[in-house]
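Trainee: Sharing a structure, written as C-alpha cells. Questions coming.
Since every read-out is calculated from the coordinates, none of them should be taken as a lab result. These numbers come from a predicted model, not from an experiment. Please note: Cβ atoms are built from the backbone with ideal geometry, for glycine as well, and neighbour counts cover all protein chains shown.
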Amino acid sequence: MTYTCSNCSASMIQETAHGVEIGVCPNCGGVWLDGEELRTLMTSDPNVIQEIESSIHTQVDQKPLGPSKLLCPIHKTLLDEYHYLYNSPVIVHSCPECGGMFIHGEDLPLMQQWYENSLKPPTKEEEFKIEMAKDIADHEAYMLRQQHLLGMFNTFRGFRPGWYGLWL
C-alpha cells in the first residue's frame, strides 16, 4: 500500500528492514512505521536505526517547520506527539487509531544516540541525583502529611459544643 508522507505529502517508498516493511519519504526522509514495528526492529537489532538512516538517500534540510499538524497516511487523522523513550528530545508522531509512527529523517540518528545512552549504567553523579530526588520526594510527602494532620488537629481544637449540630 502506498502512503502519503505526513510531513510533506510526497508518496512514500516501501523498504524492508529486518523483514519489516517501512515507509520512507524520498523527499524529506521521514519514516512511517505501522503499530509495533519500531519495537520489533529495535528488539531484533538495536543498530537498525543507523541502518535505516543510511538507506535514506535524501539530504534532509533542518529548517523550522512550525507547529506539527501531521496526518496519518492511512486514516487521515491528526497524529499525537510523544517523546521517544519518554524523556528524549526526539518527538515521534503516532496515530491513535492504528498505532503507526512517523519519525522525521533527521531524528533517526538522535534516536540511535539516545537509545545507546539509555543502555549505559548511570554515572555516580546521576546515581547521586536520583537518590537526592527520591529523598526530596519522600521529605515533601512527609511534610504534606504533617500539614494535613496539623489542619485536622486545628479543626478539632476549634470544636465547640453545638458546632455543626454534633453536640446538643
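Trainee: Going by average Cβ neighbours within 10 Å, how do the peptides 26-36, 143-153 rank, with the highest at the top?
Mentor: Taking the mean over residues of other Cβ atoms within 10 Å, the ranking is 26-36, 143-153.
Trainee: On a straight-distance basis, which aspartates and glutamates could pair with K76 in a cross-link, Cα separation under 12 angstrom, same-chain partners fewer than 8 positions away excluded?
Mentor: E97
Trainee: Could you give the size of the charge dipole of segment 1-51 about its Cα centre, using +1 on the Cβ of each K and R and -1 on the Cβ of each D and E, expressed in debye and rounded to the nearest 20? Don't skip to the answer; put the middle values down first.
Mentor: On the way: 1 positive and 7 negative charges, 31 e Å.
Here the size comes out at about 160 debye.
Trainee: Could you calculate the FRET efficiency of R145 with R39 from 1/(1 + (r/R0)^6), where r is the beta carbon distance between them and R0 is 30 Å, rounded to 0.05?
Mentor: The formula returns an efficiency of 0.15 here.
Trainee: Taking the mean number of other Cβ atoms within 10 Å as a proxy for protection, how do you rank 118-127, 12-21 from highest to lowest?
Mentor: Result, highest mean Cβ count within 10 Å first: 12-21, 118-127.
Trainee: Suppose R0 equals 35 Å. What FRET efficiency, 1/(1 + (r/R0)^6) with r the Cβ-Cβ distance, do H83 and N154 give to the nearest 0.05?
Mentor: 0.20
Trainee: Along the Cα→Cβ direction, 7 angstrom out, place labels at C8 and T123. What is the inter-label distance in nm?
Mentor: 3.8
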